[in-house]
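Read the structure below first, then the notes.
The values are calculated or read from the model by the stated rules, or taken from the named source; none is laboratory data. In this text the structure is predicted, and so the values were computed from the model without any measurement. Cβ atoms come from the backbone with ideal geometry, glycine included; neighbour counts cover every protein chain shown.
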Ligand SMILES: *Cc1c(COP(=O)(O)O)cnc(C)c1O
């Protein structure tokens with residue numbers, strides 16, 4: 001049996017009638033931007049997260065960049081970001097004109113190590129951006145304490161963590177603002193690009209609404225210099241159809257993760273992801289560390305099991321940051337992770353038979 005890493009088409013088929021109906025509603029409405037679907041989705045996603053506001057934009061990357069710009073963070077400012085993340089976290093900081101200052105993660109949980117943050121703070125530090133990488137919340141209380149001691153805000157990158165909880169509260173409610181991505185492969189994915197900022201700060205939400213729409217609240221009155229980044233009506237309608245299923249999908253992901261954890265416990269040459277007791281992980285990705293990663297990857301490929309690497313090149317080793325002052329060896333945990341991590345098939349539509357196939361392929365290679 002072939003097990004693709006992720007089957008987006010299966011995700012569509014599982015909800016075909018609702019998605020088709022949502023699309024037809026928009027197509028025949030004559031309203032394609034800044035309409036009732038956007039308003040409805042923003043209200044529903046804010047409520048789901050437990051926040052006062054949701055401002056939906058064109059992508060997760062835009063959500064991060066606009067949150068920084070809404071706080072006046074830009075030229076010459078520094079923002080603390082994990083060394084091990086998807087490059088978009090860093091690129092959003094750079095796009096705002098600020099400098100990403102990397103801090104290494106806890107190698108077992110993959111999220112920002114709070115104990116290393118203080119040493120990276122300078123008078124120019126204007127925000128801390130933890131990333132809830134692979135779906136597990138970072139240690140938000142510890143991070144908030146450090147941020148408060150320095151009088152700077154926390155802006156969460158929750159692009160991989162829709163619905164995850166930290167000490168019982170949804171991510172997006174324990175900081176000034178959280179950014180989400182609705183890239184198709186995310187836990188809550190659109191049929192194209194999309195993103196959102198969730199916040200309970202009225203002024204910040206107001207500013208974000210200006211920033212995403214040419215600085216305008218009233219047509220042709222432009223209060224500030226801004227950009228155009230709006231979640232369109234079609235994507236908003238699709239996301240409204242999907243949102244009521246998110247908790248069930250996350251529960252299925254958790255069941256698959258539990259099976260992997262049980263079956264792979266103690267296998268030689270394999271380190272399983274650690275879940276903190278205060279975390280409700282939503283398993284965007286199930287990431288193992290393998291001493292002989294390429295051998296395992298080839299064996300799985302041979303058995304028809306698709307895998308991916310998130311991410312094969314540490315951000316500071318990519319061309320984009322070649323001249324940023326972080327040479328090879330300067331962030332050893334990020335570099336080691338880039339050489340060891342492997343993502344196994346994960347998704348709400350993964351069948352029990354598919355999980356069986358992954359289990360026997362991994363055990364066949366390492367057991
Ligand atoms: C997907 C992602 C982003 C960016 O989201 P886009 O919608 O692709 O722009 C940012 N940060 C992380 C951690 C992501 O996984």
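Can you say whether residue 324 is closer than 30 Å to residue 7 by Cβ and surrounded by 14 or more Cβ atoms within 10 Å (Cβ to Cβ), as far as the supplied structure shows? Before the answer, list the steps.
Numbers: closer than 30 Å to residue 7 by Cβ: no; surrounded by 14 or more Cβ atoms within 10 Å (Cβ to Cβ): yes.
No: the conditions fail for residue 324.
Given the criteria assigned by TED's automatic domain parsing to the domain that holds residue 170 and farther than 30 Å from residue 74 by Cβ, does residue 240 qualify?
Details: assigned by TED's automatic domain parsing to the domain that holds residue 170: yes; farther than 30 Å from residue 74 by Cβ: yes.
Yes: the conditions hold for residue 240.
Which one of these is closer than 30 Å to residue 354 by Cα and surrounded by 15 or more Cβ atoms within 10 Å (Cβ to Cβ): 35, 11, 58?
Of the residues listed, the single one that is closer than 30 Å to residue 354 by Cα and surrounded by 15 or more Cβ atoms within 10 Å (Cβ to Cβ) is 11.
Of these, 73, 19, 80, which one is away from the ligand (no atom under 16 Å from the Cβ) and not in a helix (DSSP H, G or I)? Talk me through it step by step, then tell me what you get.
Working: 19 fails: not in a helix (DSSP H, G or I); 80 fails: away from the ligand (no atom under 16 Å from the Cβ).
The conditions single out 73.
Out of curiosity, is residue 87 within 25 Å of residue 340 (Cβ to Cβ), surrounded by fewer than 24 Cβ atoms within 10 Å (Cβ to Cβ) and within 16 Å of the ligand (Cβ to nearest atom)? Lay out the reasoning, then the answer.
Numbers: within 25 Å of residue 340 (Cβ to Cβ): yes; surrounded by fewer than 24 Cβ atoms within 10 Å (Cβ to Cβ): yes; within 16 Å of the ligand (Cβ to nearest atom): yes.
So residue 87 fits the description; yes.
How about region 212-230: which of its residues are more than 16 Å from the ligand (Cβ to nearest atom) and either within 25 Å of residue 160 (Cα to Cα) or not in a strand (DSSP E or B) (or both)? Steps first, answer last, please.
Step one: filter region 212-230 for residues more than 16 Å from the ligand (Cβ to nearest atom), giving 213-226.
Matches in region 212-230: 214, 215, 217, 218, 219, 220, 221, 223, 224, 225, 226.
Condition test on residue 313, is it closer than 21 Å to residue 160 by Cβ and buried (at least 16 other Cβ atoms within 10 Å of the Cβ)?
Working: closer than 21 Å to residue 160 by Cβ: yes; buried (at least 16 other Cβ atoms within 10 Å of the Cβ): no.
Taking the combined requirement at face value, the residue does not satisfy it.
Since residue 28 meets every condition but one in (1) surrounded by 16 or more Cβ atoms within 10 Å (Cβ to Cβ); (2) over 30 Å from residue 345 (Cβ atoms); (3) more than 23 Å from the chain's Cα centre (by Cα), which condition does it not meet?
Going through (1) surrounded by 16 or more Cβ atoms within 10 Å (Cβ to Cβ); (2) over 30 Å from residue 345 (Cβ atoms); (3) more than 23 Å from the chain's Cα centre (by Cα) one by one, residue 28 breaks only (1).
Considering each residue of region 124-140, count those that are touching a residue at least 60 places away in the same chain (Cβ under 8 Å) and over 18 Å from residue 88 (Cα atoms), and give that number. Write out each step before concluding.
If we filter region 124-140 for residues that are touching a residue at least 60 places away in the same chain (Cβ under 8 Å), which is where we start, we get 129, 134-137, 139.
After this cut, where a residue has to be over 18 Å from residue 88 (Cα atoms) as well, the list is 139.
Adding up the residues that qualify gives 1.
Across region 298-337, what is the number of residues that are touching a helix residue (DSSP H, G or I) at 6+ places or on another chain (Cβ under 8 Å), within 27 Å of residue 259 (Cβ to Cβ) and in a helix (DSSP H, G or I)?
The total comes to 2.
Being in a loop (DSSP other than H, G, I, E, B) and under 21 Å from residue 118 (Cβ atoms) is the filter here, so list the residues in region 83-101 that pass it. Please lay out each step first, then the result.
As a first pass, look at region 83-101 and keep what is in a loop (DSSP other than H, G, I, E, B): 83-87, 96-98.
Scanning region 83-101 gives 83, 84, 85, 98.
Taking region 157-189 as the region of interest, how many residues are crowded, with 22+ Cβ neighbours inside 10 Å, within 9 Å of the ligand (Cβ to nearest atom) and not in a strand (DSSP E or B)?
Summing the residues that are crowded, with 22+ Cβ neighbours inside 10 Å, within 9 Å of the ligand (Cβ to nearest atom) and not in a strand (DSSP E or B) in region 157-189 gives 5.
When you scan region 190-206, how many residues do you find that are more than 8 Å from the ligand (Cβ to nearest atom) and in a loop (DSSP other than H, G, I, E, B)? Don't jump to the end; show me each part of the working.
The first filter runs over region 190-206 and keeps only residues more than 8 Å from the ligand (Cβ to nearest atom), leaving 190-192, 196-206.
Pick out the ones that are also in a loop (DSSP other than H, G, I, E, B) and you get 190-192, 200-201.
So the count comes out to 5.
Consider region 231-251. How many of its residues are under 24 Å from residue 28 (Cα atoms), in contact (Cβ under 8 Å) with a residue 60 or more places away in the chain and assigned to a helix (DSSP H, G or I)? Spell out how you get there, then give the answer.
To start, the set of residues in region 231-251 that are under 24 Å from residue 28 (Cα atoms) comprises 231-244.
Narrowing the set further to residues that are in contact (Cβ under 8 Å) with a residue 60 or more places away in the chain leaves 231-234, 236-243.
From the residues that got through so far, the ones that are assigned to a helix (DSSP H, G or I) too are 233-234, 236-243.
So the count comes out to 10.
Would you pick out the residues in region 252-294 that are in a helix (DSSP H, G or I) and surrounded by 13 or more Cβ atoms within 10 Å (Cβ to Cβ)? Walk me through how you get there before you give the answer.
Of all residues in region 252-294, those in a helix (DSSP H, G or I) come to 252-264, 293-294.
Residues satisfying the conditions are 252, 253, 254, 255, 256, 257, 259, 260, 261, 263, 264, 293.
Could we say that residue 68 is within 16 Å of the ligand (Cβ to nearest atom), surrounded by fewer than 20 Cβ atoms within 10 Å (Cβ to Cβ), under 17 Å from the mean Cα position of the chain (by Cα) and part of a helix (DSSP H, G or I) here?
Details: within 16 Å of the ligand (Cβ to nearest atom): yes; surrounded by fewer than 20 Cβ atoms within 10 Å (Cβ to Cβ): no; under 17 Å from the mean Cα position of the chain (by Cα): yes; part of a helix (DSSP H, G or I): yes.
So residue 68 fails the test.
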